[in-house]
Structure formats: C-alpha cells, structure tokens
1. Among 661, 706, 696, 689, which is of a type in the set (A, V, I, L, M), surrounded by fewer than 19 Cβ atoms within 10 Å (Cβ to Cβ) and under 15 Å from residue 786 (Cβ atoms)?
2. Under 9 Å between Cβ atoms, at least 6 apart or on separate chains: pull out the pairs that start in region 824-847 with a residue that is over 18 Å from residue 910 (Cα atoms) and in contact (Cβ under 8 Å) with a residue 40 or more places away in the chain and end on any residue that is of a type in the set (Val, Ile, Thr) and loosely packed, with under 12 Cβ neighbours inside 10 Å.
3. Taking the stated definitions as given, is residue 698 over 30 Å from residue 562 (Cα atoms) and outside any strand (DSSP E or B)?
4. Residue 675 versus (1) modelled with pLDDT of 90 or more; (2) more than 24 Å from residue 591 (Cα to Cα); (3) of a type in the set (D, E, K, R): which is the lone unmet condition?
5. For region 306-325: of the residues being modelled with pLDDT of 85 or more and not in a loop (DSSP other than H, G, I, E, B), which is surrounded by the fewest Cβ atoms within 10 Å (Cβ to Cβ)?
6. Out of all the residues in region 676-690, is one or more touching a Pro at 6+ places or on another chain (Cβ under 9 Å), under 24 Å from residue 568 (Cβ atoms) and not β-branched (Val, Ile, Thr)?
7. With the condition kept exactly as written, say whether any residue in region 921-937 is surrounded by fewer than 16 Cβ atoms within 10 Å (Cβ to Cβ) and assigned to a strand (DSSP E or B).
Amino acid sequence: MAAMKRCWFKEAPFKLWTLLAVSLIFSLDLCVAQRLVSLQKSPLVRVEGHHTTIQCDVSGYQGSLEQDFGFSIFRPDKPQLKIQIISTHDSGFSYAKYGTRVRNKEIYIERLAKDSVLLHITDLKPDNQGLYECFTPNTDVAYWGSYSATTNLTVIPDTLSATSVPQTLSKVEGDSLELLCEVSKQTLQHTHVAVSWYLQKGGQNLKVISLTQELILEAGEVYKRRQALGDVRLDKIGATSYKLTIDKLQTSDEGEFYCEAREWIQDPDNAWYDLNNKGTDKTVVNIKSIGKEFRARIEATPASINVGASLEVVCIVEAQNTPDRHFSVTWFLKNKEIIRLGPNAVPVFHGEYFNRENLGKVKVNKKSNSEYLLKIYQVQMEDGGVYYCQVEESEQISSGAFSTKKSEEVTVTVERPQANLNVVISHKTVQLLEGDSLEITCDIQSTTGSHGQLSVDWQFLSSKGETSKIISMDQDGTQVTAESYRKRDVRMARVQSDAFSLGIYNLMTSDSGQYTCKVVESEAESKQLIGEYVSNSTVLTIEPLENNFKVTAMTRTPAVKYNDTFKLQCVIQPRYPSHVIVSVIWKFQPNSSTDSYNLVTFTPKTAIEWGDKVDNFKTKTSVVKTVSNIFRLSVSRASHLEAGKFLCMAQLWVRENTGEIVTKASKTSNILQVKVTPPVSKLQVNKEIRNIEKRINDIVEVECRISAQTQNDSQFAVTWLFRKAQDSNTGDENLLQTDRNNIIQYYGELLTDTQKKMKFQGEKTSNGVYKLIVQKTDVTDSGRYHCRVEEWLSDPNNVWYKIGEDMSGVTDLQVLRAGVKLQLSKTNSTVTTIEDDVEIKCNIESQLQRQSQFSVMWYYNQEQEPDSKGISLLKTDHNNILIQYPKSQMGAQKMKFQSIKVSNSKFKLIIQKPEPRDSGVYYCRVEEWVLNAQNEWYIQGDDLSGLTKLEVQAPESRLQVYKTEVSISVQSKELFHLHCNITSQTKDDSQFAVSWFTLKANQGAHEKKNQEVLKINHNSVFEYGAEGMKDRLQLERLSNRLYSLTVHNANTGDSGIYYCDVEEWIQSVNNTWYKLGEAQSGLAMVTVETIAPTLHSNICASESMFYFIFIYPFIIFVALIALSIYFYLRPKKPKRSVNDKIFWTPIEKIMGEPKLEEDLTLK
C-alpha cells in the first residue's frame, strides 16, 4: 500500500501537468491568429543600376508550412494598373514587360525561410519605380487577416562622385603625407556620405581611417594607436574635400592609397542602407628607410657547367636606400682577386682576365642598384673552383671604404663536353611578301647543359635542287658571306650562347626554298672536333607583290547638291608593309567632255602634284593618305564643273639594294560617277484668296508674301498680273515687274501712259513681302490681281541662275459706288429632339460690301425673347477664329457647341448630343467688318437674328423594384440578409444608386423617422449612415439588378422595418450621368431575439472570466503539487504511546522527557 502511495505521488505531478496543458490548448484554440503579410516600411529609396532587395514575410497562417509569394507593381504613370512581376508558384505569372528579365535571372526570388522571401532586382532601372505589392495565396480554412502588403520604391540616379589625383610620391621615413579626396553627390533625398581611406599592399586592403555616415571617425585596426596619438587624421575641408594626414611615416606605410565614398540612407525602420559606393584612383607612396646595414650574397649560374658554355656570377647587395649609397664589388676565385668594380662602375681585371675581356669573353656590369654581374663566355677548365665576392661601402666624397662585407662561397664545377647536341630551327614553314625581311634562329640544345666552341653555316636549297652557302660564323665570331649574297642585305648574329640568327632583307621571289644551319662543335683549347650537326629545314615561300593586288574606288556621296561636299576613297588591298611604297593618281573626266586628265598625284616620295586643268579643284579639294594606304579625295562647294567620272590608278614601288626605287605593279580602279545638281526649289508664295471692297478714289494695297525660300541668300523677281472683272475669258496681263536687283519694269499701257504709271506702284516693304499699290481707285480697277515670283540663286562659281517660280493666291478687288445696310433673317422656328445633333441657322440677307468679314456671337436664353440677359455661348471674330467661351463651359462642354461658317453669308451653330437642360431659345448677333484706306478692320454695323426654340426631351423611366413585404426573425449574434431586386429598367446600360433605410423598433414616437443604413451610388462609392452598424455590414451585388445587404452579429437594437430605395442613372450622349427615376422596395420586418450566453461566449468575452477559469486553477494546481511533494519527502516521526495520542498534553511532561525521540530511534 505504501508503495502504491509513493507511486501515486510520483505520477501525480505528471497527471496534473498533462491536465493543465490540455486545458490551455483547448483555451488557446478558441481564438485563432490572423494571417499577416508584411513588407519593408515605405518609402524605400534605391540607386539606379544597383542590386536591391525587398523582403516579404507572412505570419499567423494555417495549412501548408511552406507559403507561396507573388510580387506585382503599380507604376506612377498608371497607378491603377497592376503589373505582375514574379511568383514562387506560377512560372507564367510574369507579364511580358518583366518576363525577359525574370527568365534572364535579372529578377528572382530567394527563399529565406518557409514563410519569408527576398525579391532580388539585380540591375535597378528608372521604370522599376512604383508601389510594390507582395501577395500570398490562401492556405487557411477561411479568409481571415491580410493577404497582401505594399511598399513604395523610389529609384534615383547615380550621382555619387569620388576623385583623387593619381600620383607617385617618394617619401623618407619620418616625413608627413597629405592626400586629398573630392566627394560630391546630387541626390535630392536626404542621404549621408561616408568617406574612408585605404592602403593596398601585399594583396590586402588595410583601412586607415574613415568618417562614417553618422559623422564618427573610425581608424583601422593597424592605425588606431597612431590616430590616438594624433599622427593619423581625416579632416573635412569645405563642402566636398576630405584630407588624409599621416605624420611620422613608417616603412610599413609604403603602398597604394585610395579613397572610397559610400552614400547611405536611413530607411523608415531606422536601419542604415548602403545605396552606392565609388573608389578613386590610387596614389603610390614609396618610403625610403634611413637604415645603413647591408649584406653581401653570391649566386653562380649554373653551378655545374661544360667547357665552352657561359657562366654568370652575381653579387647581390641587400641594403636600404641603395640608389643613394656607393659600393665597390670584388670577385675572388680560389681566394685570388680576379675582377674589381669600383663605386664609379669602372672595372679592373687581373691576370688572364684582362686579355679575355679584350676578346669579349669576360664582361662585368652593374645590373641594378643591388645586383653586380660577372659573365664569362666560353668557360675553360681553369674557371672552375670556389667563388666569393666582397662588398665595400664608401662615402661619395671620399674613396676610402668605411664598411666591408664578405659573401658566402659558391663552388663552380667545369667539365669537358660530350658530343650530344640537337640543332633545331623553330620555324618549319614561312610565307612572306616580296620585299619583306626573313629572320630565323638556329637553336642548339645540349642534353648535358653545356657544349664546346661552335661554328655555324647557313645553307640554302633552291627549288631547282641547288645547294649554296649563305653566310657562316667561326668559333671566334668571324663572319664570312658567300659570293652570291655579298650584294644583298644579309646578316648573322649570335643572339645567345646557343642560338644563331639569320636575317635576309628585301626578299626576292628567287629566295623561295629551304634553309638549314650546320653546326660544328670543338674543344676550346685543343680545337679538337667534337661533332657536326645539321638542323631541320625551314621552307620559305615568297609571294610576288602583284598577287592579290587590288584597287577599289568608293564613295558614299555619288549625288550631291550645289555647295555640298563629296568624298572619294581609293582603297589599296591587301595592306602592304611600310617597305612597299604606294603611289596613286586620281583621274577625272567632266560631264561636258569625253577626255580624262590627271587630277592629283601622290608620288612615291609622298609629294602631291596637281594636274594642268584643275584650277577649279585646287581651292576646294583636300587630299589625304592614311597609314592603311587609303587615299581620300574630298571636294567641297561642289558645282556642275566638278560633276563627272573619277577613277584612281595605283602603283607599287620597292627600293633596290642600290637605293633606287623601282615600280613592281600597277592597277586601275573602277569608275565612280558623281552627279552635282542644283538644290530643289522650296519657294512658296502665300496662296490665300482675298476679297477687297473699296469705294471710288480709295487706295488699295495688294500683298505678295513669300512664305518659304530655298536659301537665306535667295533673290526674287516679282511680276504683278491683272485680269478685269468683266473679261473672265481673257488671259492675265502683266502690269509691272520688280527684278532681283529691285529695278521696276512696266508693261503694256503703263509703258506709255504716265498717269497710269503713277497709279500703279510696286514696293518691297520687308524681306519676302512685296506690295502692289493702286491709288485713286475707280470702277475699272475691279478685277483679279496676283503675283508671279521667280527665285534666283548664285552657284558655287558666283553665276546667278533661276531655280523656280510660284504664283500667289488671287486678290479680288471690287470698287463700289454706294453701300447698303447689314440685315439678318428674322424667321422664328422650333426644333424638337431627343438625342440627335441640332443645327441653329444664322443667315445674312444683305450686307454693306461684298468683301466684308463677319464676327458671329451665339446666345442662349430660357425666355422667349432675346434681351441683355441672354447667356453668351461662343464668339468668332471676323476671321472666323473662335475667340471666346463662357467660363461655365469647361472641358468636354467646349466641344458641345461649334460655330460653322457655311459661306460668307451663312453661319450655323451645331449643338452636339443635346440634353434636356439644353432646352431654350437660341439666336445670333452678327457684326460686319470692313477695311479702311489704312488697311485696318473696323465695325460697320450689326444685327440680331430671329429665334430658334429648342426642346430636348428625356426618355421615359421604366424603373420598377420588387415590392413584396417579408418578415425576418433571427437570434442575437446571428446574421440576416436584406435583398433589393430591380425587376425593370429603362436602358440596358443603366447604373443604379441603392440605399437601405430603417425605422428602428426602439425609437420613440417623436424620433420615428427613416434612418439611412448604407448607400452605394451609381459609381460604386459607399456612404454609411446608421451608427454602430458600419463594421457589421456586408454588401454583395449578386447580379446587375439584384443587391444583397448582410447584417452580421445582429443585436436587439437592429430590430425594425427595412427597405431599399433605388435611383436609376443613365449616361447622356455627352457621357455625363443624370438621374432618370427613383423607386422603393417592399418593407422587411426584422426581429432580433435575445439568447442566453454560453460558457464559450462568456469566456472569450470576459478577460476576468478567462483568468478565473484557466489561470487561477493553474496556480492552485501548482500549489497542490508542491504541497504533495513536501509531504512525500518530509521525514517520518516515530510511533507514540497511547498517551501520546492525547491531543492535550501538559507542557511540563513533554519538557521532562527530552530523550524520548532519540531513544525511540535507537530502539
């Protein structure tokens, strides 16, 4: 039993915890979290051309653990248009605008977690700016929460600039260094610039010091201590300059310094974002050490060598600042001084090395400030042994040495050679052009690494099989040229100890054949023959110059206008080397001749020689020869004298060994035809037809205006023509002409009649404007006047020629004896329409002059008589130009009314697509305008027209709404539906404004009035009325004519009478909406009953109840578990006697038995 109790106590905490966990799970399941999609806060500012990312996260979701994402954009120019970019679940999600960039991985999504992604845009462009939306498809049981989020991305141009002058500076250890960096930006947004200086050395970039975007100076790890001492500083000078200063330079500061600028912006979440960075050119800083110690080191190459080879013994001085120090170097062999090189680089040779230096077999030189070279050619057996060098440093002003260092020793072993050589010519086949140069090398390869003394013969095998010697070099370097090549330019050289070159210059075609080299090896001292070797053959092919020789004449301007430039090219192919000389002769045949002649010649001596008949070419022609043998001929200010046929003839020249230049080939190009034409005339004369009415003895001015001309320096001859009004079948007669020199010439009667000559006068009033002035007009001057204009140009040779002519419009002159009064038609009329266009007429019945112009004003009035209260619709001036709209007519209304001039005496007002509000009275007022003697317009009179009454009828409304009454009974917290069914409408495209009204059951008698619950107008804009219901209303449009209002979470206050009111709106022909009719539905009686609350609802509704049911019991359970553990682990007391079981025991008795518990325990 005790064991069972202990087991129960051990399992009790586990059971209690299990019960508590299950209770909490059930309680938490009562309130499910909402889905939430989040993006980075707006706005995000990023730089064009850079890589940027946008993070999107989702939380509070159900269903699949891996969520999908989609990104879209609303661009600023089309904020209502949603453009899909990319998604994780649909490869066809992207619109065409972004499809290519998505496929090319320029835009992609990186998944950070199952519910978090990054949108990458690798190359940000200006059109990537806009409002970005991140959307997650629903995986929940029901829609609950937000499924998308938006953020705004602004793309700004890259304006950051960082520059530093690249230079190379030489400093001494301990000097100071100052470098300047110019940093600027043109960003409109509030951005910060951080500037850093770096030192690049040994493949590493060491940070020197930087000024962060938060204006904090931070030194690099290597320079922190020196910055604290003030030896490293970064100062801002002015608005854009940042100066780096390093005092007390150290040798470790040597390297390449550069500046880096970074542009930062603080995002809305207060995090800094690196927008852009630019680096500058590098400044190389060399630092000279002030140390004086040095060390000597020796190297021998090779350490083991055969007789006859070459030996290099290098003495290396390892020291600081070697250019400014002076050393003497001495070489020792077998502890004997053999050669000394003083501080002034003058060598001193000892023993046999003096003679060998005279023969060129021993050389010593200073390769660099730290390397001194001893080279021995044709090594002998006695050159083997132990070498070392000794270095002495001396002052520049004294020859005495003050410091001496000895190198370590190196042993050189010299062995006698064995006959084991391989002779190779690297070029197996060579193809060259006649006149080129041949250079080939004979390489001698030894398997032992050394060889004896060598002599070399170069041999030639012709295509006929004949072998001949070309040139040879013996063991002492003496050269002998064969007899047949002594007049040729042939050279031979020992380019290395084991390589011999052959050069033949100005090759001839007879040099084609095979070339070999023969090598004879012998010992240096005994001259004993070791072996003979013959190389492989090199096959040489010489191509004659005339092969592939091609001459082509080209032009891109075969046809030009006067004064233009045409360019010709003579292209020589192939591109010949510099030793081939090319001469070119340009030939020309004019269009007016069948003979050609030399135009210009490029001689072989690069001189330019002109032909005998080219006077017109010399001052306007340029000739150029390019390095690629293209000969260009450019002729400017072209005229008909330069038009014709061109060709070029090229010759190839080579220089003989005697120095004489001889021709090798000659070819002629194709023929180029060049056409030079005068420009096309652009002359235009004003074609306006004018009507002029004048009285007797008035002055008339007829204008001839040139509206376009071919060139600015054109000149004109203007002839005035006249035809009498009564002689319509006769031709025009010439009155007078103003030629291009402004000299006037008269024709016909004007030649002999002095009085008429005074009456008609020609005048040029301004550039391009000519006038014919008719004085003291009479009836016989009535008729048609116009001008004929001839345009003249000067050609490139300063000869005038006529390029074109044009005629002006006709001016109809009518000379009147008396005038009449302006009068309009007074007829009244009525027009009835529904939607058709309407025309209101305004006719002139009589006028003062036939050539009068009229200004027309249209009026509208709702009354039946015209008066001063009429509304002005529009007005045209006497040129029929619209000059006035009333302020009330804006936008599309301006296009509704149009004034049309049918003829000079008939006008009409067109009302397009009239509406009922356009009904009323319309009329016109006309002003007559005439010209005075000063050619000025003035009002001669005005008149009003009759009235036109317009009646515009609207269509009859056929709107009907379902009127059956219904009763609805629901319990509180439930929902109920209110339907509004439109059974009939006037037009298929009608739009409806639907309102729901209620009369609440709990309103008093004095409060009983209809209260608007919700209204959706005809353009889908919502308006909420009743308080406390906005968040519980849901409107659905089940069809075009069926609306449903759902009230969620109903309460007793929602009880009452409901009905809907429908307004029918139709669109007029002018695309404006107006209300046509209105109807109401039947009544809906709604009753909401109260129900008793449940445990579930009480718990979720009350925070105190939640604590009482779950939290407090949890605390009690924990206390019970703790108490149980305490009693279980507490030490047990010993058994007591019967007297001990008595509850009330005297204190004295207990105190008198202190050892009772101990005794019991011992028992």
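1. Numbers: 661 fails: under 15 Å from residue 786 (Cβ atoms); 706 fails: surrounded by fewer than 19 Cβ atoms within 10 Å (Cβ to Cβ); 696 fails: under 15 Å from residue 786 (Cβ atoms).
689 is the lone residue from the list that is of a type in the set (A, V, I, L, M), surrounded by fewer than 19 Cβ atoms within 10 Å (Cβ to Cβ) and under 15 Å from residue 786 (Cβ atoms).
2. Hits for this filter: 847/820.
3. Details: over 30 Å from residue 562 (Cα atoms): yes; outside any strand (DSSP E or B): yes.
Yes: the conditions hold for residue 698.
4. Result: residue 675 fails condition (2) only.
5. Keep residues of region 306-325 that are modelled with pLDDT of 85 or more, which gives 310-317.
From the residues that got through so far, the ones that are not in a loop (DSSP other than H, G, I, E, B) too are 311-317.
Values: 311: 22, 312: 13, 313: 24, 314: 16, 315: 25, 316: 18, 317: 22.
Only one residue fits best here, namely 312.
6. no
7. Taking region 921-937 and keeping what is surrounded by fewer than 16 Cβ atoms within 10 Å (Cβ to Cβ), we get 932-937.
Now narrow it down to the ones that are assigned to a strand (DSSP E or B): 937.
Within region 921-937, one or more residues are surrounded by fewer than 16 Cβ atoms within 10 Å (Cβ to Cβ) and assigned to a strand (DSSP E or B).
To keep it simple, each residue is scored yes or no on (1) assigned to a loop (DSSP other than H, G, I, E, B); (2) surrounded by fewer than 15 Cβ atoms within 10 Å (Cβ to Cβ); (3) at pLDDT 85 or above; (4) acidic (Asp, Glu).
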site	(1), (2), (3), (4)
1046	no, yes, yes, no
1097	no, yes, no, no
1121	no, no, yes, no
1125	no, yes, yes, no
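The values are calculated or read from the model by the stated rules, or taken from the named source; none is laboratory data. Keep in mind the model is a prediction, meaning the values are calculated, not measured. Reconstructed Cβ throughout: ideal geometry from the backbone, glycine too, with neighbour counts over all protein chains shown.
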